[in-house]
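Below you'll find the structure, written out as structure tokens, and then a few comments.
Taken together, the values in this text are just the output of simple stated rules run on the coordinates, not laboratory data. Nothing here was measured: the structure is a model prediction, and the numbers come from that model. Using ideal geometry, Cβ is built from the backbone for each residue, glycine included, and neighbour counts are taken over all protein chains shown.
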Amino acid sequence: MNSTAKRALVTGGSGGIGTAICRRLARDGLEVYVHANRSVAVAETVARDIVAAGGRAQALCFDITDAAATGKALETALNDGPIQILVNNAGVHDDAVLPGMSAEQWHRVIDVSVNGFFNVTQPLLMPMIRTRWGRIVNVSSIAALLGNRGQVNYAAAKGAINSATKALALEVATRGITVNAVAPGIIGTPMSEGLFDSKTIEKLVPMNRPGLPAEVASLVSFLASEDASYITAQIIAVSGGMA
């Protein structure tokens, strides 16, 4: 794939997995928008590091749950041309067993993953469709495939993303656009630190270790490439054998 003219947006690009995806796509030759909401300084650092390494990147900051702010930010970005690669990676945990879960916890997690997916993806679709080429990769979770105690809200949100992935893939299949999802298992990031000890990981993960953010990024890189042009509507686990 000649990626020199293509641009990618990675939502949640300031997180552990998001940062790895941004760095990998930049190494693939893409111009990368590193998105953040609250962690603006981290996104700017990631972008600077990519540029220092010879790549092209810039930070893009907005709240994906705010439709108006998201639309305004994307409209500005689209002034420079279509964004043909979108990685919907932003997501949040707010864990509690359902009997003790507040409405705020439920809505916050759903809002970021599901409404955020719509707010970011919908404005980018027509510009992408006009180019007759695009890649949308949604970051789901093993929790959506297997379930997980204390994460009914998160599993529901990511399950919705899986379903949206399959439906959207059908809508744009004749337009040269693929839509897939990756479902990470236990990945070694700051977000997961302290959640799983080594004994728990050995019990849950057949490979007996957490995954690396770079291992998720490698799959995203492939799905975003020309090599994956006949792969769409798939949910692919990166879980060390958990699913």
Two-site FRET efficiency, residue 41 against residue 103, from Cβ-Cβ distance with R₀ of 30 Å, rounded to 0.05: 0.40
Backbone HN-Hα couplings from phi across the range 212-228 [Karplus 6.51/-1.76/1.60, Hz, Gly and Pro as x]: 9, x, 5, 6, 5, 4, 5, 5, 4, 4, 4, 5, 8, 9, 5, 4, 9
Using alpha-carbon coordinates, inclination of helix 16-27 to the longest axis of the chain, degrees: 30 degrees
Residue 197-residue 149 FRET efficiency (beta carbon distance; Förster radius 25 Å; 0.05 resolution): 0.95
Label-point separation in nm, residue 76 to residue 230, each point 7 Å along Cα→Cβ: 4.3 nm
Relative contact order of the range 30-86, defined on C-alpha pairs under 8 angstrom at six or more residues apart (%): 31 percent
Label-point gap, in nm, between residue 56 and residue 212 - each point 7 angstrom along Cα→Cβ: 2.8 nm
Relative contact order (%) - criterion: Cα under 8 Å, at least six apart; region: the range 7-238: 20 percent
Estimated [θ] at 222 nm from DSSP helical runs (n ≥ 4, -39500 (n - 2.57)) normalised by residues in the chain, nearest 500: -13500 deg cm²/dmol
³J(HN,Hα), Karplus 6.51/-1.76/1.60, whole Hz, each residue of the range 96-102, x for Gly, Pro: 5, 5, 4, x, x, 7, 7
Within straight-line cross-link reach of residue 72, aspartates and glutamates at Cα separation under 16 Å, skipping those fewer than 8 residues along the same chain: 63, 80
Choice from 143, 173, 214 showing the highest fluctuation, given a GNM over the chain with Cα pairs closer than 10 Å: 173
For the chain, share of DSSP beta bridges that run antiparallel, in % to the nearest 5: 0 percent
Residues residue 94 and residue 166, FRET efficiency given R0 of 25 Å [Cβ-Cβ distance, rounded to 0.05]: 0.45
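Need one word for the range 33-132: rounded, prolate or oblate. Basis is the Cα gyration tensor (sqrt eigenvalues a ≥ b ≥ c); a/c below 1.5 gives rounded, then a/b vs b/c decides.
Verdict is oblate for the range 33-132.
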Reachable aspartates and glutamates from residue 158, criterion Cα separation under 13 angstrom, eight or more residues apart if same chain: 111
